[in-house]
Amino acid sequence: MQTNKPIFVTQPFLPPLEEFQEYLKQIWESKWLTNNGKFHQELEKALCEYLGVKYISLFSNGTLALITALQELRITGEVITTPYSFVATTHSLWWNNIKPVFVDIEPETLNIDPDKIEAAITPNTTAIMPVHVYGNPCNVQRIKKIADTYGLKVIYDAAHTFGVTINNNSVLNFGDLSVMSFHATKVYNTFEGGAIVCHDEATKKRIDNLKNFGFINETTVVAPGINAKMNEVQAAMGLIQLKYIDANIEKRKQITELYREKLIGINGLVFLDDMPNVKHCYSYFPILIDKDKFGKTRDELYEKLKEKNIFGRRYFYPLISQFPTYKGLDSAQPGKLPVAEKITEQVICLPIYSNLSFGDVEKVCKCIKS
Ligand SMILES: Cc1ncc(COP(=O)(O)O)c(C=O)c1O
């Protein structure tokens, strides 16, 4: 008998409960729940090793890490960013009273288009905040060159990347700071969580102070910091997740390859390929639907999948620049972001997570083909 259980776009990876209980027991015994506890310290060390980065500061979530990264570099005025991301990218600017300036994306990678950055720079520009969308690295060399030429900082929103490398070097080593998210929907999760990756000890120290109200010792507060600390339960989850991460990414790779094998050659449907010299983490599987060639619009396909209990996600739709908060900005005006405006009407992210069965992937593909 065939059951028609729902297939959701994502599902968090949860380790065996007994393993987590072991860690909880230690937390109960130590009664140390947060504020740079044992597991927090262990996780920072383990992540630096796993990711191949020098310094990492753990956060309670990625959004607070983004907001703090901007504070750390004292970014003001205008920041060039992409409209094709999750709203938190731009919200972090708004919360810092910074004006977002949207620049269009490349059709090949869906990342910010370096060719269009320079035209958006004004005397008020202080930084670029690109996103490695779906975990695919931005053109980091071109962005660095522009930033160096104009004296701008670069903060990468690396929420979708975990373990991604370019020529065996972590993508997190590019830019002044990189910000990660360990939200439940991500490849690697600590329930909620996030991190800032930086390249020197002094910066790490300041970030650590900022995420703890600006305290530098018991009695001295040097900055208007915030409370954005990761707690011990989150850190414990992070340590356990690290044991499974390679297997989980490998499974996502196999799912991606199966999708590609089954969906290749469908008229009006395209997907992204692996990039040369990049180790990917396969965090999403986006497809783009050209309605004239495919014979259906993206939304028609999305609804059809839903009828079959398959829940894709129109991610990213709408564009950040189309939300009421931002749509009045000059750079958000219709027609100014033609590639992003087109892609946002074409994209669906298909289900992908480490526990997704190959049978379910085939079912999704069959449904798309029919
Ligand atoms: C691109 C991007 N930036 C920022 C965030 C915010 O991260 P968090 O949910 O951990 O606050 C997310 C995801 O949630 C994201 O996808």
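Selection over the range 338-358 of residues that are more than 20 Å from Phe294 (Cβ to Cβ), surrounded by fewer than 19 Cβ atoms within 10 Å (Cβ to Cβ) and out of contact with any Asp or Glu (no Cβ under 7 Å at 6 or more places or on another chain) gives a count of 3. Of all residues in the range 70-87, exactly one satisfies the criterion of being within 14 Å of the ligand (Cβ to nearest atom) and among the small types (Gly, Ala, Ser), namely Ser85.
Checked against the criterion of being assigned to a strand (DSSP E or B) and either among the aromatic types (Phe, Trp, Tyr) or surrounded by fewer than 22 Cβ atoms within 10 Å (Cβ to Cβ) (or both), the candidates Tyr84, Tyr156, Tyr50, Tyr134 yield just one match: Tyr156.
The residues of the range 200-222 that are touching a strand residue (DSSP E or B) at 6+ places or on another chain (Cβ under 9 Å), in a loop (DSSP other than H, G, I, E, B) and either crowded, with 20+ Cβ neighbours inside 10 Å or aliphatic (A, V, I, L, M) (or both), listed by number, are Lys211, Val222. Scanning the range 69-86 for residues that are more than 30 Å from Gln346 (Cα to Cα) and of a type in the set (Asp, Glu) returns a single hit, Glu72. Would you check if Gly175 is surrounded by fewer than 17 Cβ atoms within 10 Å (Cβ to Cβ) and on the phi > 0 side of the Ramachandran plot? For Gly175, the condition - surrounded by fewer than 17 Cβ atoms within 10 Å (Cβ to Cβ) and on the phi > 0 side of the Ramachandran plot - is not met. What about Ile67, is it within 12 Å of the ligand (Cβ to nearest atom) and either assigned to a strand (DSSP E or B) or out of contact with any strand residue (DSSP E or B) (no Cβ under 9 Å at 6 or more places or on another chain) (or both)? Answer is yes for this residue.
Part of a helix (DSSP H, G or I), in contact with an Asp or Glu (Cβ under 6 Å, 6 or more places away or on another chain) and farther than 30 Å from Val364 by Cα - does that describe any residue in the range 33-42? Yes, some residue in the range 33-42 is part of a helix (DSSP H, G or I), in contact with an Asp or Glu (Cβ under 6 Å, 6 or more places away or on another chain) and farther than 30 Å from Val364 by Cα.
Read the figures in this text as sums done on the coordinates, not as results from a lab. All figures in this text were calculated on a predicted structure; none of them were measured in a lab. So basically every Cβ, Gly included, is an ideal-geometry build from the backbone, and we count neighbours across all protein chains shown.
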